[in-house]
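All remarks here apply to the structure that follows.
The values are calculated or read from the model by the stated rules, or taken from the named source; none is laboratory data. Here the structure is a predicted model, which means the values were calculated and not measured. Virtual Cβ from ideal backbone geometry, glycine too; neighbours counted across all protein chains shown. Ligands, DNA and RNA are stripped out before the accessible areas are found, and what is left, the full protein with its side chains, is counted by its heavy atoms. Shrake-Rupley method; radii C 1.70, N 1.55, O 1.52, S 1.80 Å.
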Amino acid sequence: MENINFKRFMTNFKIIGKIGINQENGIDRLAFSDKYYEALEKLSEIMLKENIDVKKDKVGNISGLRNGIEKNKKIIMIGSHLDTVKNGGLYDGNLGVISSLEIILSLNDNKKNLKHPIEMLAFNAEEGSEMGGTFGSRVMTGRQNLNEKGIEEKLSVYGLNIEDIKKSEKNMDDKLCFVELHIEQGGILEKNNCSIGIVTGIVGISRYKIIVNGETNHAGTTPMNLRKDAMTGAAKLISFINEEAFKYGESFVATVGDMKVFPGAVNVIPGKVEFLLEVRDMEQERIENFIKKIEEYSKKLIDTEAEFIQTVNKPSMKMDAKLNKILEKVCKKNQINYMFITSGAGHDTKELANKIPTTMIFVPSCKGISHSPKEYTKEKDLEIGVNLFYDFVLEIDKEFEN
């Protein structure tokens with residue numbers, strides 16, 4: 001395997017990644033924030049210094065193009081997101097951006113003339129904002145709904161308008177594929193002592209607001225056997241959700257992470273409870289089957305009634321089989337221990353996958369921790385990942401045409 005300049009990669013990785021560091025050693029580089037734009041400008045400065053053609057769009061995405069030697073060849077796109085969650089880690093997103101930069105720099109160092117142009121990308125607002133997650137990549141691929149309710153008001157929060165969205169869209173017809181290197185954000189690779197995850201798909205996400213209705217009453221004067229306690233009904237329902245989710249096996253997860261109790265007083269029996277349920281899996285049919293079981297169970301609850309309102313429905317997305325076959329071949333050639341894996345988190349790749357062939361490469365996350373100051377990937381795993389990414393791009397240039 002032809003080596004990238006790992007020392008340079010780590011230098012740039014820390015220069016950009018530590019922008020927004022806080023007192024807890026976490027990173028606050030939120031979408032559209034001053035720290036986000038500081039990182040964007042610093043990245044642009046590094047790219048320009050290396051004679052990379054830099055372009056920025058209205059929504060805070062940045063791209064850099066390296067030309068190919070053959071005319072009319074489609075562009076190989078590589079990259080990730082530059083924003084973080086609040087008090088996030090050094091690796092999420094930043095790894096994919098800086099490794100993409102390093103690929104272009106190493107191609108130049110090694111005087112590699114590829115047939116295809118290479119375009120590195122850094123997306124804004126993958127982690128979510130007023131506009132929702134994967135906003136930058138949604139806009140770039142033309143997948144942002146311009147008729148979405150309240151969109152103009154939401155955009156105005158960031159000084160944007162509909163025309164800015166239209167101007168930030170890229171023509172995807174001249175793009176060959178997209179590849180994203182990312183930390184796993186889970187513990188599967190580490191548990192299996194595996195260096196690389198070849199991502200086969202990104203799970204679907206369904207979210208429901210569940211409203212459990214009972215009857216508000218005096219907590220001191222209402223006997224236990226005469227109560228219609230919405231909190232008790234909600235607790236039973238949540239316990240069933242958790243127990244049932246275990247039956248579906250790997251990649252299937254169900255989470256209740258938000259709850260509101262009404263009226264919310266210690267001396268009043270709750271008359272209503274609202275909570276949010278999120279379910280993720282590769283198979284939409286399994287998600288729907290799970291929800292049906294939860295609804296059926298809710299009807300068995302005595303003295304309470306439950307209402308289910310779907311708020312999010314994002315189908316799963318499979319990665320490109322041809323790209324993954326090439327990636328597997330590169331792993332075998334370089335004697336890298338790999339496994340096939342699904343992504344339980346959403347990524348910009350999912351938006352690109354609606355337009356062009358895509359795949360992702362995962363490197364291990366220590367203890368499976370992410371979205372935290374404790375997020376960490378060992379340098380030896382980073383080096384394996386970035387070098388594999390570089391080699392993969394070389395093979396895509398040789399083998400992949402769609």
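Every test in (1) assigned to a loop (DSSP other than H, G, I, E, B); (2) open to solvent by 30 Å² or more (accessible area, probe 1.4 Å); (3) in contact (Cβ under 8 Å) with a residue 40 or more places away in the chain is passed by LEU146 save one, and that test is (3).
From the list ILE183, ILE205, ILE269, ILE198, the lone residue that is among the hydrophobic types (A, V, I, L, M, F, W, C) and more than 30 Å from LEU382 (Cα to Cα) is ILE269.
Residues in the range 152-178 that are of a type in the set (Val, Ile, Thr) and either part of a loop (DSSP other than H, G, I, E, B) or without any contact (Cβ under 8 Å) to a residue 12 or more places away in the chain (or both): VAL157 only. Taken over the range 180-197, the criterion of being farther than 21 Å from PHE252 by Cα, among the hydrophobic types (A, V, I, L, M, F, W, C) and not in a strand (DSSP E or B) is satisfied by CYS194 alone. Pairs linking a residue in the range 269-289 that is assigned to a helix (DSSP H, G or I) to a residue that is open to solvent by less than 40 Å² (accessible area, probe 1.4 Å) and of a type in the set (A, V, I, L, M), with Cβ atoms under 6 Å and 6 or more positions apart or on different chains, are ILE287/VAL279. Taken as a whole, the structure leaves GLU244 outside the set of residues that are modelled with pLDDT of 95 or more and more than 30 Å from GLY201 (Cβ to Cβ). Residues in the range 176-230 that are surrounded by 19 or more Cβ atoms within 10 Å (Cβ to Cβ), under 27 Å from ILE269 (Cα atoms) and either out of contact with any Ser or Thr (no Cβ under 9 Å at 6 or more places or on another chain) or of a type in the set (Lys, Arg) (or both): LYS228 alone. Would you mind stating whether GLU243 is touching a residue at least 40 places away in the same chain (Cβ under 8 Å) and either of a type in the set (D, E, K, R) or open to solvent by 70 Å² or more (accessible area, probe 1.4 Å) (or both)? No. Restricting LYS314, LYS329, LYS292, LYS322 to those that are of a type in the set (D, E, K, R), out of contact with any strand residue (DSSP E or B) (no Cβ under 8 Å at 6 or more places or on another chain) and surrounded by 14 or more Cβ atoms within 10 Å (Cβ to Cβ) reduces the list to LYS322. Among residues of the range 203-227 that are under 19 Å from LYS260 (Cα atoms), those with a Cβ under 8 angstrom from a residue that is open to solvent by 30 Å² or more (accessible area, probe 1.4 Å) and among the hydroxyl-bearing types (Ser, Thr, Tyr), sequence gap 6+ or separate chain, pair up as ARG207/THR311; TYR208/THR311; LYS209/THR311; GLY214/THR232. Within the range 231-249, can you find the residues that are over 15 Å from VAL268 (Cβ atoms) and among the aliphatic types (A, V, I, L, M)? Those that are over 15 Å from VAL268 (Cβ atoms) and among the aliphatic types (A, V, I, L, M): ALA234, ALA235, LEU237, ILE238, ILE241, ALA245. ILE151 fulfils the conditions (1) more than 19 Å from SER33 (Cα to Cα); (2) within 19 Å of the chain's Cα centre (by Cα); (3) open to solvent by less than 70 Å² (accessible area, probe 1.4 Å) except for a single criterion, (2). Pairing residues of the range 290-318 that are free of Cβ contacts under 8 Å to residues at least 24 places away in the same chain with residues that are outside any loop (DSSP other than H, G, I, E, B), at Cβ distances under 8 Å and at least 6 apart in sequence or on separate chains, gives GLU295/ALA306; GLU295/PHE308; LYS299/ALA306.
The selection criterion, being open to solvent by 40 Å² or more (accessible area, probe 1.4 Å) and not in a strand (DSSP E or B), does not hold for THR255.
May I ask you to verify whether LEU114 is in contact with a strand residue (DSSP E or B) (Cβ under 9 Å, 6 or more places away or on another chain) and among the hydrophobic types (A, V, I, L, M, F, W, C)? Answer is yes for this residue.
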